Structures are given as structure tokens and as C-alpha cells.
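The values are calculated or read from the model by the stated rules, or taken from the named source; none is laboratory data. The shown structure was predicted, so the numbers you read here are calculated from the model rather than taken from an experiment. Cβ sites come from the backbone with ideal geometry, for glycine too, and all protein chains shown count toward neighbours.
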Amino acid sequence: MKVLADRPLDALMVDVATDAISLLGTTRKDRLRRCPGCNMLFFDGSPPGRRKWCSSTAGCGNRQKIRKHRQRQTNVINSKAGT
């Protein structure tokens, strides 16, 4: 559904509302998730339905992966120092 509005923000809000109504009216509404990194809502369109973050490459997912990597590296250094 296309709606022409005098103001671009109004047109955007109509698109968002239309998509939300379409999504919530389907059985796929359980795929609507909240990102633990930023609390933004996102739709998990992955086939297994196990997406965790709003963005796994450039956003919250990448930051979480970096944190885990640094923690592993710190643990390796600490375990070597303790021997």
C-alpha cells in the first residue's frame, strides 16, 4: 500500500504502521525480537529463527563477538601467567 503524504515523515510513519499491522496479524509475530545490545526491535528472518542481535556484522552482534574474543584472550594470558 502506497500513501503519498505532504511530509516525508508522515509517509514513513504510514509505512511503518502498515508493516507492523501486517506483521502482528500473522503467525510470524514470534520472530519479532528485542536486541539485548541496544533494545531495538528487529524481525528475525533467519531460517532457524535464532538470530540474537539487530545486526551481527556492523552493530551489536559484532561488539558482543569482540567482547567474547577479548575475554578469551585475557583468560589465555591469565592461565599462562598462573603456570
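Considering each residue of the range 6-29 in turn, at least one proves to be modelled with pLDDT of 85 or more and hydroxyl-bearing (Ser, Thr, Tyr). Within the range 49-73, if we keep just the residues that are in contact with a Cys (Cβ under 6 Å, 6 or more places away or on another chain) and part of a loop (DSSP other than H, G, I, E, B), the residue that is farthest from Val16 (Cα to Cα) turns out to be Trp53. Could you tell me whether any residue of the range 31-48 is acidic (Asp, Glu) and part of a helix (DSSP H, G or I)? No, there is no match, as no residue in the range 31-48 is acidic (Asp, Glu) and part of a helix (DSSP H, G or I). Would you say Ala20 is among the hydrophobic types (A, V, I, L, M, F, W, C), assigned to a helix (DSSP H, G or I), under 20 Å from the mean Cα position of the chain (by Cα) and surrounded by 11 or more Cβ atoms within 10 Å (Cβ to Cβ)? So Ala20 passes the test.
Which residues, counting only those in the range 30-42, are touching a helix residue (DSSP H, G or I) at 6+ places or on another chain (Cβ under 7 Å) and modelled with pLDDT under 85?
Start the filter on the range 30-42 by keeping residues that are touching a helix residue (DSSP H, G or I) at 6+ places or on another chain (Cβ under 7 Å), which leaves 32, 35, 37-38.
Correct list: Gly37 only.
Among residues of the range 14-39 that are without any contact (Cβ under 8 Å) to a residue 24 or more places away in the chain and hydroxyl-bearing (Ser, Thr, Tyr), those with a Cβ under 9 angstrom from a residue that is in a loop (DSSP other than H, G, I, E, B) and loosely packed, with under 13 Cβ neighbours inside 10 Å, sequence gap 6+ or separate chain, pair up as Thr18/Met1; Thr18/Val3.
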